[in-house]
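S.K.: Let me give you the structure first, and then I'll get to my questions.
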Amino acid sequence: MNRASLIFAVLLAVLVPLSLLAGRVWIAPADFGPGNTLLILAELRLPRAVLAITIGAGLGAAGAAMQGYLRNPLADPGLFGIAPMAALGAVASFWFSAAIPPAWAPWSLPLMALAGAGLGMALLALIAGRTSSDAAGGAGGGIALFTLAGLMLASLAGALTALAITLAPNPFALSEIVMWLNGALTDRSWREVAIAAPLTAAGIAVLALAARSLDALTLGEEAARSMGIEPRRLLALLVVGIGLTVGAGVAVAGIIGFVGLVVPHLVRPFTNRLPSSLILPSALAGACLVLAADSVVRVLPLVTELRLGIALSLIGAPFFGWLLLRMRQGRL
Amino acid sequence: MLAADNLALMRGGREVVTGLSAALKPGTITAIVGPNGAGKSSLLLGLAGLLAPASGSVTLDGEILARLHPRVRAQSIGYLPQAPDIAWDVAVEALVALGRLPWRDRGTAAIEAALVALDLEPLRHRPVSQLSGGERARVLLARVLAGEPRWILADEPLAALDLAHQLSLIAHLKACARPENGAAQGVVVVLHDLGLAMNHADRVLVMKDGHLIADGPPNIALAPQVIAQGWGVRARWLGDPGAQALIVGEEPEQADGG
């Protein structure tokens with residue numbers, strides 16, 4: 001465990017109890033006891049906190065891996081098109097809600113979202129097989145071509161999602177879809193935790209396996225291959241790792257942007273800047289960020305709760321602009 | 001022995017190296033030269049096992065390179081790409097340590113040795129963005145040396161350096177090929193500057209259009225008639241062996257050859 005991991009682990013340990021106490025109903029530490037307080041904690045706030053940690057950790061780790069893979073500090077896990085594919089799957093579940101037996105209803109959205117993410121991963125793997133064999137034959141392309149393929153997938157999924165929304169069967173479904181797309185953690189239960197946590201943990205473990213290979217990419221694709229890195233294996237690890245973390249996140253919370261982009265930048269100054277040193281601390285820092293943001297939106301005195309996805313984009317977009325300015329000054 | 005046997009390489013659907021055979025020995029510096037587009041960098045990639053042969057083969061001590069596990073190959077052959085951009089602003093020491101990736105160990109002793117060999121100890125904590133061009137070239141070579149390869153294949157390692165830094169990097173490469181103690185490494189460099197090849201290489205491979213047009217000690221492989229054939233210019237060498245300079249000009253044929 002490096003210094004950055006320690007810093008963000010401590011921060012997370014401080015944030016968790018604070019987040020449990022914060023909400024519409026403030027809980028003073030002295031109030032711990034039987035009755036409503038315990039119920040609120042165990043059935044509302046604890047699963048929500050665990051879910052925030054899970055999703056933040058997944059997005060943070062995915063962002064660190066993605067920036068390492070693309071050798072670009074402005075890369076985001078969304079670039080692979082997996083999140084839009086998962087969202088497409090989720091939106092499709094609103095369409096089929098009438099056809100799904102009631103017993104299955106609570107599971108249909110997350111499962112369809114995971115299916116969308118899985119389809120996205122399969123398509124990427126198909127494209128990847130092509131691009132990496134081209135690269136070995138010296139045709140070039142490689143990572144750049146693959147990224148463009150991911151963007152293509154993202155815009156296709158986005159267009160299909162928009163189509164599904166405009167053709168929504170009824171106004172109620174429409175508003176439900178739009179609300180859901182702006183990610184949130186409101187009213188989540190242990191069921192969502194049971195779906196997302198194991199998948200996210202597996203995804204982070206897969207990304208950790210890719211860590212040293214990502215380091216090798218620091219000097220470019222050819223240098224990495226000369227150090228024994230197999231591009232196809234690295235790409236497979238990355239697609240699976242990002243598919244699991246991002247797919248699981250979208251399945252239970254909708255689209256939450258900018259975490260994957262922003263978090264590695266917060267972590268980088270505390271590390272040696274190689275991708276391998278970023279993945280675990282970025283998972284911890286992502287957990288801190290999402291947990292803190294979700295606690296804040298919960299206590300804001302608004303008529304309806306501010307959606308977490310909107311809140312993070314409101315913070316993330318200006319931060320992205322600031323990054324661009326810093327890059328122009330050559331300080332990144 | 002690193003040997004190409006009737007090697008053909010394809011890049012972007014085009015044959016860039018054709019029927020090329022050459023057996024390289026450790027303990028020597030081999031320079032690959034040729035006009036632009038001759039296939040020098042492709043040949044180097046092929047010898048490094050990074051570009052699979054379209055036909056023919058590359059062998060390392062008799063074993064077909066393409067059949068070696070990538071990590072085993074990487075432990076034997078170090079490859080230095082031409083002027084790579086370094087994606088992350090890491091410290092010198094961390095960058096050099098990347099050279100241990102093929103071994104999957106910490107390799108502290110090898111990293112230290114590489115830092116010492118290239119006079120980088122005072123710079124070990126400096127971020128790579130704050131290095132001069134010469135320091136950067138040394139750091140990149142140190143990364144290769146940290147992997148303790150038996151072969152060092154470098155694509156134009158001297159291209160962006162001034163005279164003094166060129167000489168110092170050549171001295172480091174010579175130390176690899178002819179070490180005071182330890183095993184001699186094989187050094188293969190793609191060079192643009194024929195003078196550097198003439199004065200410092202033990203053997204020169206001259207390429208044109210994917211073929212070898214000359215192969216031998218520099219004074220033979222870089223004879224004026226070879227330069228005329230390869231580059232289409234008249235040229236002659238001036239100066240003493242080890243410090244010769246190429247004079248290029250449109251002189252009459254009979255004045256050639258010195």
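The values are calculated or read from the model by the stated rules, or taken from the named source; none is laboratory data. Everything numeric here is computed off the predicted structure, so don't read it as measured data. Counting neighbours? That spans all protein chains shown, and the Cβs are built from the backbone with ideal geometry, glycine included.
S.K.: Look through A:Thr245, A:Thr218 and report the one residue that is polar (S, T, N, Q) and away from every other protein chain (no Cβ under 14 Å).
M.R.: Going through A:Thr245, A:Thr218 in turn, just one is polar (S, T, N, Q) and away from every other protein chain (no Cβ under 14 Å): A:Thr245.
S.K.: Related question: Do we have any residue at all in the range B:236-255 that's out of contact with any Leu (no Cβ under 9 Å at 6 or more places or on another chain) and under 22 Å from B:Ala48 (Cα atoms)?
M.R.: No; the residues of the range B:236-255 include none that is out of contact with any Leu (no Cβ under 9 Å at 6 or more places or on another chain) and under 22 Å from B:Ala48 (Cα atoms).
S.K.: Separate question: Return yes or no: is A:Thr304 closer than 30 Å to A:Ile40 by Cα, more than 14 Å from every other protein chain (Cβ to nearest Cβ) and buried (at least 24 other Cβ atoms within 10 Å of the Cβ)?
M.R.: Judged against the criteria, A:Thr304 is not a match.
S.K.: Is at least one residue of the range A:245-254 outside any helix (DSSP H, G or I) and surrounded by 23 or more Cβ atoms within 10 Å (Cβ to Cβ)?
M.R.: Yes, some residue in the range A:245-254 is outside any helix (DSSP H, G or I) and surrounded by 23 or more Cβ atoms within 10 Å (Cβ to Cβ).
S.K.: Go over the candidates B:Pro53, B:Pro102, B:Pro35 one by one and state the one that is modelled with pLDDT of 95 or more, within 7 Å of chain A (Cβ to nearest Cβ) and more than 30 Å from A:Met327 (Cβ to Cβ).
M.R.: After applying the criteria, what remains is B:Pro102.
S.K.: How many residues are modelled with pLDDT under 85 and under 15 Å from the mean Cα position of the chain (by Cα) when one looks only at the range A:29-74?
M.R.: So the answer is 0.
S.K.: Continuing with this model, one more query. Let me spell it out: the conditions are (1) closer than 25 Å to B:Met198 by Cα; (2) loosely packed, with under 15 Cβ neighbours inside 10 Å; (3) facing chain A (nearest Cβ under 10 Å), and B:Met1 meets all of them except one. Which number is the exception?
M.R.: Here B:Met1 meets the rest and fails (3).
S.K.: Considering only the range B:40-82, how many residues are more than 15 Å from B:Leu153 (Cβ to Cβ) and touching a residue at least 60 places away in the same chain (Cβ under 8 Å)?
M.R.: 2
S.K.: Also, quick follow-up: Do we find that B:Ser129 is among the hydroxyl-bearing types (Ser, Thr, Tyr), in contact (Cβ under 8 Å) with a residue 24 or more places away in the chain and within 13 Å of chain A (Cβ to nearest Cβ) in this structure?
M.R.: So B:Ser129 passes the test.
S.K.: Based on this model, can you work out whether B:Arg73 counts as in the same structural domain as B:Gly182 (by TED's automatic domain parsing), buried (at least 17 other Cβ atoms within 10 Å of the Cβ) and touching a helix residue (DSSP H, G or I) at 6+ places or on another chain (Cβ under 9 Å)?
M.R.: Criteria met by B:Arg73.
S.K.: Residues that are at pLDDT 95 or above, within 12 Å of chain A (Cβ to nearest Cβ) and surrounded by 18 or more Cβ atoms within 10 Å (Cβ to Cβ): does the range B:105-121 have at least one?
M.R.: The answer is no; no qualifying residue exists.
S.K.: Another question, then. Take the residues of the range B:63-99 that are at pLDDT 95 or above and among the small types (Gly, Ala, Ser): which is farthest from B:Leu9 (Cα to Cα)?
M.R.: Step by step, filter the range B:63-99, then rank; the result is B:Ala91.
S.K.: Any residue in the range A:214-223 that is buried (at least 23 other Cβ atoms within 10 Å of the Cβ), under 26 Å from A:Leu109 (Cα atoms) and aliphatic (A, V, I, L, M)?
M.R.: no
S.K.: B:Ala245 is checked against (1) in contact with a strand residue (DSSP E or B) (Cβ under 6 Å, 6 or more places away or on another chain); (2) farther than 30 Å from B:Ala54 by Cβ; (3) surrounded by 14 or more Cβ atoms within 10 Å (Cβ to Cβ) and fails just one. What number does that condition carry?
M.R.: Only one criterion in (1) in contact with a strand residue (DSSP E or B) (Cβ under 6 Å, 6 or more places away or on another chain); (2) farther than 30 Å from B:Ala54 by Cβ; (3) surrounded by 14 or more Cβ atoms within 10 Å (Cβ to Cβ) is unmet by B:Ala245, namely (3).
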